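First comes the structure, then the notes that go with it.
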Amino acid sequence: MIRCHWGLGMAEFIHADLRGSRFEQVDLSGAQLHSVDLTDAGFRGVDLSRVVMRSVDLVDVVIHGEIQNLTINGVDIGPLIDAELNRRYPLRSKMRPADPAGFREAWDIVERLWGETGERARRLQPELLHESIDGEWSFIETLRHLVFATDSWIRRAILGDPSPWDALDLPWDEMPDTPGVPRDRDARPSLDAVLELRRDRMSTVRHVIEGLTVTSLEGHTEAVEGPGWPEPRSYRVRKCLLCILNEEWEHRLYAERDLGVLEARRA
């Protein structure tokens, strides 16, 4: 028996064969899944906050994302993951600084590591830098997204520019289209063009961090105005800077991973 029922915004699928179905921009908050087969399913840009799973088989599963307060079989594995990542990447713990000096040290590390990654990218054929690996952003798109992140959290939130966007800014895929915020997925700028844009934005971050004091770090920004990201309100300066450090660190790891695939393919 297959029973599908829609009503008052709710759908019921009982004994239904939905293999291969695609759900995009769908609100499933509060949904109940019982005796459901999710073998080989793919999740991307999905919010699983406060999800409870019982009597599940989680075998050969790969998860990349923000993991906090995740309890599996009675064990909070968040701290275990964090400790292991810090062991693998000893500089990672520097991305959670506590004071202005720590933020300056963290940004020194970010600049140095991205400099090395940029030189690695230059050794590849330019067209490969526009190639997507497993549906992820290309190397050039990753750099464009980091320009967007800087424009958002530094130039808009901290410096108060309501519309700081460059035409090459690239928001995350799930962000709704917003008036005034560009999203040109078809653009194919050169590596030099994007790196020049990145140098400008990174120098802006450097300027902000060099001017930090204990008081300003713990303070709040003026309320930002106009449509865009982040939303129009005031933000803690520390939060804005931690967002940038997290974006820079994580996206560089993704870029390094994908550059390795492209290098192997070239070889």
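Students often check this: by mean Cβ neighbours within 10 Å, which of 68-77, 245-254 ranks highest, and how do the rest follow? Present the calculation step by step, with values, prior to reporting the outcome.
On the way: 68-77: 10.2, 245-254: 17.4.
Ranked from most to least packed, the peptides come out as 245-254, 68-77.
Per residue, how big is the convex hull of the chain when only Cα atoms are used? Give it in Å³.
On the way: hull volume 47.3 nm³, N = 267.
Convex hull of Cα atoms, per residue: 177 Å³.
Computed from the alpha carbon positions, the gyration tensor of segment 103-210 leads to an equivalent ellipsoid with semi-axes of 22, 20, 11 Å, biggest first.
Would you give the gap between the C-alpha center of segment 166-199 and the C-alpha center of segment 101-157, rounded to a whole Å? Using only Cα atoms to place each centre, the spacing works out to 12 Å.
Given R₀ = 51 Å, what would the calculated FRET efficiency be for Ala267 paired with Thr215, taking r from the Cβ atoms and rounding to 0.05?
Numbers: r = 53 Å, r/R0 = 1.03.
Step by step, r from the Cβ atoms, then E = 0.45.
Anything in the chain that counts as a DSSP H helix reaching 24 Å or more along its axis (C-alpha) with Kyte-Doolittle mean of at least 0.0? List them, would you? TM-like helix candidates: nothing returned.
Each of Ser93, Ser55 has some number of other Cβ atoms within 10 Å of its Cβ, and from fewest to most they run Ser55, Ser93.
Qualifying trypsin sites (Lys or Arg not before Pro) in segment 1-100, where qualification requires a DSSP coil assignment and no more than 14 other C-beta atoms within 10 Å, comprise Arg19, Arg22, Arg44, Arg50, Arg54. Considering only Glu111, Glu127, Glu66, give the residue with the highest GNM mean-square fluctuation for the chain, with springs between Cα atoms whenever their separation is below 10 Å. With Cα springs under 10 Å in the chain, the top fluctuation among Glu111, Glu127, Glu66 is at Glu66.
As a length-normalised measure over Cα pairs under 8 Å and 6 or more apart, the relative contact order of the chain settles at 18 percent. Label zone of Arg19 (point 7 Å out along Cα→Cβ, amide N under 18 Å): in segment 27-45 this covers 35-42.
Taking the Cα centre of segment 95-266 as reference, the dipole from Cβ charges on Lys and Arg (+1) and Asp and Glu (-1) amounts to some 340 debye.
Under the rule a/c < 1.5 gives rounded, and otherwise a/b versus b/c splits prolate from oblate, where does segment 59-139 land using the Cα gyration tensor? It would help to have the intermediate numbers written out before the result.
Working: a/c = 3.09, a/b = 1.24, b/c = 2.48.
Oblate shape, in that a/c is at least 1.5 and b/c is the bigger or equal ratio.
In percent, rounded to a whole number, the relative contact order of segment 38-146 is 8, using alpha-carbon pairs under 8 Å and six or more apart.
Every number here is computed from the coordinates shown, using simple stated rules; none is lab data. Please read all numbers here as calculations on a predicted model, not as lab measurements. Methodologically, a virtual Cβ is constructed for each residue, glycine included, from the backbone with ideal geometry; neighbour enumeration extends over all protein chains shown.
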